[in-house]
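The values are calculated or read from the model by the stated rules, or taken from the named source; none is laboratory data. These figures come from a predicted structure and were not determined experimentally. As a convention, Cβ positions derive from the backbone with ideal geometry for all residues, glycine included, and neighbour counts pool all protein chains shown. With ligands, DNA and RNA removed, areas are computed over all heavy atoms of the protein, side chains included. Shrake-Rupley method; radii C 1.70, N 1.55, O 1.52, S 1.80 Å.
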Amino acid sequence: MSDQDQTVLKNSPRKIKSSFHIKERGVLIILSGEDLGKTCLLDSEETIIGRDSSCDLVIDDEGVSKEHCVIKAEQGFFFLEDLASSNGTYLDNKKIKKKSLLNDFERIVMGKTIIRFFKEESF
């Protein structure tokens, strides 16, 4: 695939394939901390979460690494993966050590921030 076939999102150096299409979307809702109530629609192939302003979801929490974790959409499923963060990423109170499947209503914890994952509802 050539560079002309790729799209850059949010002035980020990360590129995604322009032919990628998500059939189901996910939603993240922050349930604690300075970002309480902030939401993020998971409508791209990957969503980077961290403290750095280049992340897709920026978390204002000193316990969160600059690029803390990533959520990847693969064949209608969503997976959470820690990006070698300093304090770890927890999924329903268990520290994740490898790519983990996200299910509806699961709780993601990083630093002092709690995030809830939902799959989009459709008819």
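Quick check on segment 71-81. Is at least one of its residues without any contact (Cβ under 8 Å) to a residue 60 or more places away in the chain and at positive phi? Checked against the condition, which is being without any contact (Cβ under 8 Å) to a residue 60 or more places away in the chain and at positive phi, segment 71-81 yields at least one hit.
Can you tell me which residue is nearest to residue 60 (Cα to Cα) among those in segment 30-47 that are assigned to a strand (DSSP E or B) and open to solvent by 50 Å² or more (accessible area, probe 1.4 Å)? Of everything passing the filter in segment 30-47, 39 is nearest to residue 60 (Cα to Cα). If the condition is being touching a Phe, Trp or Tyr at 6+ places or on another chain (Cβ under 8 Å) and among the small types (Gly, Ala, Ser), then segment 74-111 contributes only 100. If you go through segment 55-84 and keep only what is among the small types (Gly, Ala, Ser), more than 10 Å from residue 111 (Cα to Cα) and either open to solvent by less than 70 Å² (accessible area, probe 1.4 Å) or not in a loop (DSSP other than H, G, I, E, B) (or both), you end up with 73, 76.
Taking the criterion of being part of a loop (DSSP other than H, G, I, E, B), open to solvent by less than 10 Å² (accessible area, probe 1.4 Å) and either closer than 17 Å to residue 27 by Cβ or touching a Lys or Arg at 6+ places or on another chain (Cβ under 9 Å) (or both), would at least one residue in segment 87-109 satisfy it? Yes: segment 87-109 contains one or more residues that are part of a loop (DSSP other than H, G, I, E, B), open to solvent by less than 10 Å² (accessible area, probe 1.4 Å) and either closer than 17 Å to residue 27 by Cβ or touching a Lys or Arg at 6+ places or on another chain (Cβ under 9 Å) (or both).
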